[in-house]
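Report on one structure; see the data block that follows.
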Amino acid sequence: MTKKTEPGRMAGIVGRWLGKNKSEQAHGGRLAAIGRHWIARLKDDRGSALVEFAVVLPVMISILTGTASFSMFLYNYQQLGFTVSNASQLVASQQGLLANGDPCATAVTSVTGALPHWTAGNFTYTVTITDSAGTAHTYGPTAGSSFSCTAGYALMADNEPFALTVTYRYTWLPILSFSPSGNLSASQTSVTE
């Protein structure tokens with residue numbers, strides 16, 4: 001049968017094991033309590049939540065920023081595609097009726113009018129007009145809003161394709177000065193009427 005020891009007696013046994021005399025053994029209970037206190041503090045996890053938060057926060061911010069940036073990219077890509085489609089159909093349907101006699105300038109006006117908050121200098125336009133003989137005439141690529149092809153107006157023929165390609169220099173994270181950029185590009189071919 002094993003004999004149970006009391007905490008004070010245990011301190012005395014530990015004190016004797018460490019080579020302390022009887023007066024030092026009286027304080028052994030206090031030393032054991034201090035030791036238990038420090039062991040309990042080492043097992044305490046009150047600060048671990050703060051450390052975990054500090055480690056996870058940059059990762060979460062990166063994920064949220066990337067998700068927002070990719071969502072804005074898709075939204076802008078959709079806007080550009082819709083605008084280019086409308087501009088191409090407008091020019092193709094107005095064959096022979098354009099007031100300024102310039103299909104390229106009409107396409108530029110349509111695109112910049114539909115996307116007023118986009119930087120006009122970041123657009124690059126390319127137009128391909130097919131004449132009645134089936135020969136394709138390409139104008140551009142021209143950057144900015146000064147795109148003109150008055151000679152192409154006379155080449156537009158019924159039931160021939162009119163192709164418009166617009167490229168926009170896009171900044172992924174416009175709030176950051178070091179953000180990467182790329183190009184959004186949309187193309188649409190319409191048949192002139």
*Take Cys149, Cys104 and order them by how many other Cβ atoms sit within 10 Å, fewest up front.*
Cys149, Cys104
*So, counting K/R as plus one and D/E as minus one, what does the shell of residues with Cβ under 15 Å around Ser93 add up to?*
-3
*Ordering of 62-72, 116-126, 158-168 by burial proxy (mean other Cβ atoms within 10 Å per residue, highest first)*: 158-168, 116-126, 62-72
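Every number here is computed from the coordinates shown, using simple stated rules; none is lab data. In this text the structure is predicted, and so the values were computed from the model without any measurement. Here the Cβ is made from the backbone with ideal geometry for all residues, glycine too, and neighbour counts use every protein chain on show.
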